[in-house]
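Here is the structure we will look at.
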Amino acid sequence: MKIAQEKKTSPYDVLIIGAGPAGAAAARTLVKNGRRVLVIDKKSLPRYKVCSGMILDRAQDLLLERFGAPPETVFCRPSMLNGVRLSMSGVTFADLPLKKKTIYNVWRSEFDHWLVMQSGAELRDEHRLIRFHQTETGVHADIADPDGALFPIDASYMIGTDGGKSLVRRSLDPAFEKKIHWSSFVQDYCYAAIDLDPAYYYMFFDPSLSAFYTWLHFKDDFLIYGVGAAAGRPIDPTFRDSTRYLGDHFGLRIDSVKRRTGCMVSDIPLHGRFHLGANRVLLAGEAAGFMNVFGEGISSALATGHMAAVAVCRAGESGQGALAIYSNLAEDEKQATFKSWESAKTLMPRIGAESDGKPETASG
Ligand SMILES: Cc1cc2nc3c(=O)[nH]c(=O)nc-3n(C[C@H](O)[C@H](O)[C@H](O)COP(=O)(O)OP(=O)(O)OC[C@H]3O[C@@H](n4cnc5c(N)ncnc54)[C@H](O)[C@@H]3O)c2cc1C
């Protein structure tokens, strides 16, 4: 690996790894409190993220409170949805009770980029965390620049908001990592038609489906649908099974598939085994395991990113350790996230079964 020349920078108060909603929320709070912050992301921004891009009740509140109203450019068509429809068997629907009248329908690439730009932090995309170690007074990180050359960054604290497959978490606690089980998810972006109202987000829980759940929604010209594969099942037959089901029950007619994307999702929140970090390195968002039932994770990313930042600010002021402060602040979030999954287990009987399967054809 090359060593980058003349990249030395004076130490930062906080280095944030990952420019998703958790990283942006942490950065915004820290900058507002006068901290010198660097956010890095390994991808070129705006970056694609496997996500339905639904901003629901609490995420809307946190967004408006901390960032203000998002610009039109982050929305797709239809920009507002009327609700979430659950189908238990074929055409029978129940609407999920929501507090807000509408759901924001955004492109995550544009939405996340807007969020992190709002933070006012120094931002370097195409910069990847490679490794780090902690000292008594701070964190030393080796970062790879876009050419792959390594350079050092020193900071008093680091916040790992590097998503579900977090390198920060893995490096802090390899033993914890070994206990995680992963489910595979894929979703297709199609030019297609279906006999469903595009003003809703749909979830299908028919016991005859092999997916532990199947979802469907619309963005601009795309009909998007995806599956979470049940434990031990390969993703492709599960996906085909849901495709057939949507055709039989709702008349899904696919002209062409523009793109297939996929990712792995951990079982951390299912068991309530969140990881908040160690010493001067805090974890927030999906890196810490925060993701609510049905895959709603933007609210907890915004909430816990902010909490981690508050903890760092208070630690400086009070002399108490940041991790201890963060643990107290995040306790309710942990309870609420765990409960959200418990409450939905009857809808998803296959969830929680252990699977280490990898998506067979997914990318992204
Ligand atoms: C199929 C699917 C659909 C979903 N739909 C919704 C939805 O509709 N609504 C909702 O609220 N939630 C949804 N979620 C959940 C939501 O996408 C996540 O919970 C949310 O993105 C977590 O935010 P985050 O900031 O913690 O991490 P992320 O958004 O994953 O951001 C992590 C960032 O870290 C960067 N990174 C990773 N490693 C490194 C490294 N070594 N160095 C530098 N940068 C690095 C990545 O490039 C990435 O930009 C969905 C999830 C899935 C899988």
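Throughout, read-outs are computed from the coordinates displayed, never taken from laboratory work. Quick caveat, the model's predicted, so the values are computed rather than measured. Ideal geometry is used to build each Cβ from the backbone, glycine not excepted, and the neighbour counts take in all protein chains shown.
Along Cα→Cβ, 7 Å out, is where each label goes; now give me the distance between the ones at Asp236 and Tyr48 in nm to one decimal.
Each label point lies 7 Å from its Cα, and together they span 2.0 nm.
In whole Å, how far is the Cα centre of the stretch 12-67 from that of the stretch 196-216?
Value for the Cα centre distance between the two parts: 30 Å.
Ranked by Cβ crowding within 10 angstrom, fewest neighbours first, how are Arg253, Arg35 ordered?
In order of increasing Cβ crowding within 10 Å: Arg253, Arg35.
Could you compute how fast the stretch 158-306 diffuses translationally, taking Rh as the Kirkwood radius over C-alpha pairs and applying Stokes-Einstein at 25 °C with viscosity 0.890 mPa s? Give it in µm² per second.
146 µm²/s
Under 5 Å between amide hydrogens, which residues at least 5 positions from Gly83 or on another chain qualify, with H placed 1.01 Å from N in the peptide plane?
Under 5 Å from the amide H of Gly83 lie the amide H atoms of Ile103, Tyr201, each far enough along the sequence or on another chain.
For the stretch 258-308, what is the relative contact order in percent, using Cα pairs closer than 8 Å and at least 6 residues apart in sequence?
Once normalised by length, the contact order is 28 percent.
Using the Karplus curve 6.51 cos²θ - 1.76 cosθ + 1.60 with θ = phi - 60°, what ³J(HN,Hα) values do you get for each residue of the stretch 12-21, in whole Hz, with x for Gly and Pro?
So the J values, rounded to whole Hz, are 9, 5, 9, 9, 10, 9, x, 9, x, x.
For the stretch 64-167, what is the relative contact order in percent, using Cα pairs closer than 8 Å and at least 6 residues apart in sequence?
Averaging sequence separation for qualifying contacts and normalising by length gives 17 percent for the stretch 64-167.
Mind putting a number on the dipole of the stretch 199-270 about its Cα centre? Charges go on the C-beta only, +1 for Lys and Arg and -1 for Asp and Glu, and I need it in Debye to the nearest 20.
Computed charge dipole of the stretch 199-270: roughly 160 debye.
At 0.36 nm per residue, and after removing the present C-alpha to C-alpha distance, how many nm does the segment from Ala278 to Glu122 gain when stretched out fully?
Length difference between fully extended and current span is 53.7 nm.
Give a residue-ordered list of calculated ³J(HN,Hα) values for the stretch 50-60 (Karplus: 6.51 cos²θ - 1.76 cosθ + 1.60, θ = phi - 60°; whole Hz; x for Gly, Pro).
Values per residue, Gly and Pro as x: 5, 5, 7, x, 9, 9, 9, 2, 5, 4, 4 Hz.
What are the ³J(HN,Hα) couplings of the stretch 275-285, residue after residue, when phi is run through the Karplus curve with 6.51, -1.76, 1.60 and θ = phi - 60°? Round to Hz, x for glycine and proline.
Per-residue couplings from phi come out as 10, 9, x, 8, 6, 9, 10, 9, 10, 9, x Hz.
Given +1 on the Cβ of Lys and Arg, -1 on the Cβ of Asp and Glu, and no further charges, what dipole in debye does the chain carry about its Cα centre, rounded to the nearest 20?
The dipole magnitude comes to about 260 debye.
Report the label-to-label distance for Glu331 and Asp248 in nanometres (one decimal), using points 7 Å from each Cα along the Cα→Cβ vector.
My value for the distance between the label points is 5.0 nm.
Ser340 to Asp195: extension gain in nm, 0.36 nm per residue of separation minus the Cα-Cα distance?
Fully extending the segment from Ser340 to Asp195 adds 49.2 nm.
Which value in nm describes the separation of the simple spin-label points at Asp173 and Glu72, placed 7 Å from the Cα toward the beta carbon?
Each label point lies 7 Å from its Cα, and together they span 4.6 nm.
Using the structure shown, list the pairs from Lys43/Lys165; Lys42/Lys101; Lys32/Lys179; Lys32/Lys101; Lys178/Lys334; Lys43/Lys334 with a Cα-Cα distance above 26 Å, or answer none.
Lys42/Lys101; Lys32/Lys179; Lys32/Lys101; Lys43/Lys334
How do Thr346, Thr29, Thr161 line up, fewest other C-beta atoms within 10 Å first?
With the sparsest Cβ surroundings first, the list reads Thr346, Thr29, Thr161.
Where in the stretch 140-174 are there trypsin sites (Lys or Arg not before Pro) that are in a DSSP coil and have at most 16 other Cβ atoms within 10 angstrom of their Cβ?
Within the stretch 140-174, the qualifying trypsin sites (Lys or Arg not before Pro) (loop, at most 16 other Cβ atoms within 10 Å) are Lys165.
Return Cys190, Cys51 ranked ascending by Cβ neighbour count within 10 Å, so the fewest neighbours appear first.
If I rank by nearby Cβ atoms, fewest first, I get Cys51, Cys190.
Taking amide H atoms as placed 1.01 Å from N in the peptide plane, list the residues 5 or more away in sequence, or in a different chain, whose amide H sits under 5 Å from that of Lys258.
HN-HN under 5 Å from Lys258: Tyr189, Cys190, Tyr191.
What FRET efficiency comes out for Leu64 versus Asp221 if R0 is 22 angstrom and r is the Cβ-Cβ distance? Round to the nearest 0.05.
Calculated value: 0.15.
Just need the relative contact order of the stretch 108-200 here, percent rounded to a whole number, with Cα pairs under 8 Å and 6+ apart.
13 percent
Excluding the sites themselves, what is the longest stretch of the chain that contains no GluC sites (Glu not before Pro) in a DSSP loop with at most 16 other C-beta atoms within 10 Å?
No qualifying site falls inside 137-353, the longest such stretch.
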